[in-house]
Amino acid sequence: MDALWCVLPAAGKGVRAGGDRPKQYQPIGGRPLIEHTLERLAAHPRIAGFVVAVAAGDRHFSAVEAIAGKPLLLATGGGERSDSVLAGLMALPPSVADDDFVLVHDAARPCVRADDISRLIEQAGRVEGGLLGAPLRDTLKRADARCHSIDTEPREGRWRAFTPQMFRRGALVRALRLAGEAGIVPSDEAMAMERMGVSPLLVEGSEDNIKVTTPADFALAEFLLGRIR
């Protein structure tokens, strides 16, 4: 398999993170979160280039034509993650065919490990795609409207979904378009593919591949970035 392009949806506001700008532009160690994510991905030899889907009128992204010598293109994202991913897929260069695999990665996941990316590419490339994740290890509770625990849910067979997620470009475009036409907003690419009858491969990855969501996550991400490879 040749090197893959990677789409990063980065048009969200990330309101739970607080701050005066979207979370992907808030600093970690003095630099925007998204820069850490892009640099970690660009260091991987199997990633060929990037499309970053930003909000219309975005004034925070420092537009560059390449990162670590790999091309970086911009697309205008939408109101939902799936809209931004679709826009990114459509902005890929003509050299990326419909049958080529493409990675999709959260801009707010700067701590992904290179070995996990390699394992995803190798294993999911043998089937029709897949995603990084981790089996659920905690006890799972179901709550009522007042946050009282009313039941204990089984955790067997339950996974937490991470990114990157990897699917063929054409199949993912079709899946996202069909979901939109049905009025469904998929929370990730795997959900859109599941609706098409595909069973994405779950590839276990490191649980420190965190998604920065709350203010406390920034300190944790900075700590992890100093320790992981």
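Out of all the residues in region 179-229, which are acidic (Asp, Glu) and under 28 Å from Gly125 (Cβ atoms)?
Scanning region 179-229 gives Asp188, Glu189, Glu194, Glu204, Glu207, Asp208.
Pull up region 170-194, narrow it to residues that are without any contact (Cβ under 8 Å) to a residue 40 or more places away in the chain and closer than 26 Å to Asp116 by Cα, then point me to the one that is surrounded by the most Cβ atoms within 10 Å (Cβ to Cβ). I'd like the intermediate steps shown before the answer.
First pass over region 170-194, keeping only residues without any contact (Cβ under 8 Å) to a residue 40 or more places away in the chain: 174-175, 178, 181-184, 191, 194.
Then keep just the ones that are closer than 26 Å to Asp116 by Cα; that gives 175, 191, 194.
Working: Ala175: 25, Met191: 17, Glu194: 14.
Taking the candidates together, the pick is Ala175.
Considering the conditions (1) buried (at least 19 other Cβ atoms within 10 Å of the Cβ); (2) hydrophobic (A, V, I, L, M, F, W, C); (3) over 17 Å from Leu86 (Cβ atoms); (4) touching a Pro at 6+ places or on another chain (Cβ under 7 Å), Trp159 is excluded by exactly one of them, (1). When Leu41 is tested against (1) surrounded by fewer than 19 Cβ atoms within 10 Å (Cβ to Cβ); (2) at pLDDT 95 or above, only condition (1) is not met. For region 163-190, the set of residues classified as touching a Ser or Thr at 6+ places or on another chain (Cβ under 9 Å), under 18 Å from Asp106 (Cβ atoms) and either modelled with pLDDT under 95 or not acidic (Asp, Glu) (or both) consists of Leu176, Val185, Pro186, Ser187, listed by residue number.
Only one of the listed residues (Phe162, Phe167) is among the aromatic types (Phe, Trp, Tyr), part of a strand (DSSP E or B) and over 27 Å from Pro94 (Cα atoms). That residue is Phe162. Just name the residue that is surrounded by the most Cβ atoms within 10 Å (Cβ to Cβ) out of those in region 113-144 that are touching a Lys or Arg at 6+ places or on another chain (Cβ under 6 Å) and either among the small types (Gly, Ala, Ser) or in a loop (DSSP other than H, G, I, E, B) (or both). Top of the filtered list is Gly133.
The values are calculated or read from the model by the stated rules, or taken from the named source; none is laboratory data. This is a predicted model, so every value here is computed, not measured. Here the Cβ is made from the backbone with ideal geometry for all residues, glycine too, and neighbour counts use every protein chain on show.
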